[in-house]
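Please read the structure below before turning to the comments.
Any read-out appearing in this document is the output of simple, stated calculations on the displayed coordinates, not a laboratory observation. None of these values were measured; they are calculated from a predicted model. Note: ideal-geometry Cβ built from the backbone for every residue, glycine included; neighbour counts use all protein chains shown.
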Ligand code: NAP
């Protein structure tokens, strides 16, 4: 009998899992989605200028031969449209339970009991797949006075589309990838824009280009061309960007490229100095954008680097004085290291994931957790990338989970052995030592204690190899049910 599978989340991860189950003829699954539409991060992040800085020919499923992208780096509506297209094409949408938030999942010895918010209904499943991702809960900063602000304020991932920025004085707090994309658009409308930067980021150009209808036709009909283009982008990222993050041959090249971009786009040497990071490139996520620096050079945009002291009813107060604004945009990132929170996940013998992960989240291959049988994670701990497409990683994880299912059907619950987890941790620690993320910078990749819980410290080719087949030595399968 086909296993009953609960999938939590309908972003790139949850949809991929559902589609592969459909393709395998397994229709006994339910996707739980707390929002009213699918798309995960591509539904939530609708700020002006939102898009992906990885070309969509690669930032898309390998099995879906999609040739409708209108540009190399499409914006959010097109990416969301792509996910909706996939959900409809593979008949996944009818199995998504919208507006249904999973609050609690408890393993009762053989099954997962999944409880949802609202009526608190509980349903039983054989398998639990977590597709909530790493960047789904906005992080608002803890600045005194935020509640007293009399203007309009919101987080970049909760954009207030009813609020017209035309002619307003706007503050954007933060200058990461989200801020870099929205700042040029906000600058076009605002009377004046203040960008509050705590730490400068390394920025490299985004060589965007439109795909004319003829190009799209060629990509569609010339045999092998789309696949070759995708493969080329993948190989390029793997062979040039990955070595920069692992402090290999291209480290200097990345720095040179970023400094060159800064020099080309920011003529004012004083502004350039304030935008130059003092930590190695890649330690924080490198911003890939060609509109951010020109926006900062506009006369109606000011870069503020003084420390923010408090938010007042009228604006933002820094150590150097007050900035009166009508609107504050918090582009302050996400609660990235608290995987799966606030959901309560209870495994074997009543152990909670929250307690098990008190020292930082971890999972074997980023997928399986000892003590939590038949539970699998997508885009879990140590599987984020700073150099390539996360969709590639998700597909590796889904392949791995699909390969676990027949073992589960043959026996009882499948669970990763603690020894396999310990060996995996050792391997990660050794690999992590050569990565640039440990250098002197703060980032969303690590916990407050400095442990990198989010990123994969190897080439993605290695990850694909390691996840291809669930090793018998790593997993324990209980006897036949
Ligand atoms: P982020 O990279 O975590 O950036 C948050 C920003 O807010 C940082 O500049 C941070 O400064 C600042 N900040 C936080 N708290 C602050 C405070 N109390 N006072 C002043 N500044 C504060 O978040 P994000 O820009 O939303 O991006 C998160 C990730 O999403 C990215 O790294 C990327 O992986 C992904 N993303 C991808 C794309 C894409 O095109 N693929 C686009 C957007 C986002 P510090 O640096 O000093 O901490």
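Brief remarks follow.
- Working note: 222 nm ellipticity from helices only, DSSP H runs with n ≥ 4, each -39,500 (n - 2.57), summed and divided by the residues of the chain, gives -8500 deg cm²/dmol to the nearest 500.
- Distance between region 174-218 and region 57-71 - C-alpha centres, whole angstrom: 22 Å
- Projected label points at residue 88 and residue 302, each 7 Å from Cα along the beta carbon direction, are separated by 4.8 nanometres.
- Shape class of region 276-343 from the alpha-carbon gyration tensor: oblate, with a/c at 1.5 or above and b/c at least as large as a/b.
- 0 to 90° range, to nearest 10: angle between helix 177-189 axis and the chain longest Cα axis: 40 degrees
- Converting the Cα gyration tensor eigenvalues of the chain into ellipsoid dimensions via √(5λ) gives semi-axes, longest first, of 38, 25, 23 Å.
- Translational diffusion of region 161-224, estimated by Stokes-Einstein from the Kirkwood radius over alpha carbon pairs at 10 °C in a medium of 1.306 mPa s, is 107 µm² per second.
- Paramagnetic label zone (point 7 Å from Cα along Cα-to-C-beta, residue 225; backbone N under 17 Å) in region 13-57: 57
- Cβ-Cβ distance of residue 320 and residue 358, R₀ of 35 Å, FRET efficiency by 1/(1 + (r/R0)^6): the value works out to about 0.30.
- Between residue 465 and residue 198, full extension at 0.36 nm per residue minus the direct alpha carbon distance yields a gain of 92.2 nm.
- Overall form of region 378-465: prolate. Here a/c, set by the Cα gyration tensor axes a ≥ b ≥ c, is 1.5 or more, and a/b is the larger of a/b and b/c.
- Residue 472/residue 210 FRET efficiency (R0 45 Å; Cβ-Cβ; nearest 0.05): 0.35
- Judged by the gyration tensor of its Cα atoms, with axes a ≥ b ≥ c, region 429-481 is prolate; a/c meets the 1.5 cut and a/b is the larger of a/b and b/c.
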